[in-house]
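Colleague: Pasting a structure below so you can have a look.
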Amino acid sequence: MMSVDVLIACAVLQDHADQLSVLGNIIRPGAETQQRTELHLKTAQLMARSSLSDFTGELHKSQKQISIQESLLTPDNLAKVQRDRQFVSDVINGLMVELQEENTFQSLFSAVGEDRKKKVQLLDIINREEEGCLRIKALQKQLLDIRKQKTEECERLEELGAYLREQVQNMRVRTNRQEKFVKSCAEQLVCQGLKLSSHKENELEDEAGMLQERIEEEKNVHMETEIFLKRQHANLREKLQFWIQRYEKDMEEKEQEISALKNKRNNSHARIQELSKKCRDMQEVIIEDRMEKEHLRAQLEKEQKERGAATKIQAWWRGTLVRRGLRSPKKADKSKSKAGKKGKKKKK
């Protein structure tokens, strides 16, 4: 069930929609002003902020202002007025449907937001158009500068072309002169060449005659040298035969001498072996003699050492006896008497 405020708002909106449709039939289609659109947006904002009763009062006031300002419209703005009227009519119809179904104002907010987006897009397009105009002006200025540079460059190139044409003309004159000079020089060189060639031909003919004479001389010399070399070859062959025989004879003599020397070497080798055997025998005898002498010398040294040791022992023993005799005279006398008896026995 819808409330009373909603029904009142729907009735008011329906009334406004009817008035807008009547207004659209009265004015030409496609006419509407920007000021009227702002008033409609203001009514939408007031409708969103205030209650339904306040919204109806503000809506009546806005209609009065619209009716007053319609007299001030120009024919050029009628199309804009018609578009704004159609927009407000669509917003009111959508708002009525939403109020009847959902009791909300979201379609009004969405319509206002879309309108703001469109305005932002229009402002963006205008700014881009202004930037494009500025860029076009800058490009036109650059184009004028480039045209000026190109005209200056064309003038400079024309001057350069005239200078080059003049240079080409001068070069043609110079080349004609050079061709004449080269032609005259070539003719002179040809004449000189003919003279030199004729002179050279005469010299070559003389040289050919001289060479023919030298060839004849060389042939004679060749024949003489060939005969001389044949004689030398025969003499050398005879000498070679003689030296071959001499070589064979000398080889036989040397072989006989070598065989005799080999026999002598064998005899001397046998003699050397015999003498070496005798030498080894003598060395063995000498070594044995030395060993015997060494053995005798060692034995004599041993006997001398034993004698020395015996004398030392006897001296020590006598010393001990003397020391004992000094201690006991009787024993000493006895020992002397015994010693005297022993001495007598030895003498006997």
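Colleague: For the list (1) modelled with pLDDT of 75 or more; (2) in contact with a Ser or Thr (Cβ under 9 Å, 6 or more places away or on another chain), I need the number of the one condition that SER62 fails.
Modeller: (1)
Colleague: From the list LEU144, LEU95, LEU99, LEU122, which one is within 57 Å of the chain's Cα centre (by Cα) and either on the phi < 0 side of the Ramachandran plot or in a helix (DSSP H, G or I) (or both)?
Modeller: Working: LEU95 fails: within 57 Å of the chain's Cα centre (by Cα); LEU99 fails: within 57 Å of the chain's Cα centre (by Cα); LEU122 fails: within 57 Å of the chain's Cα centre (by Cα).
Unique residue meeting the criteria: LEU144.
The values are calculated or read from the model by the stated rules, or taken from the named source; none is laboratory data. Keep in mind that what you see is a predicted model, and the values were worked out from it rather than measured. Cβ atoms come from the backbone with ideal geometry, glycine included; neighbour counts cover every protein chain shown.
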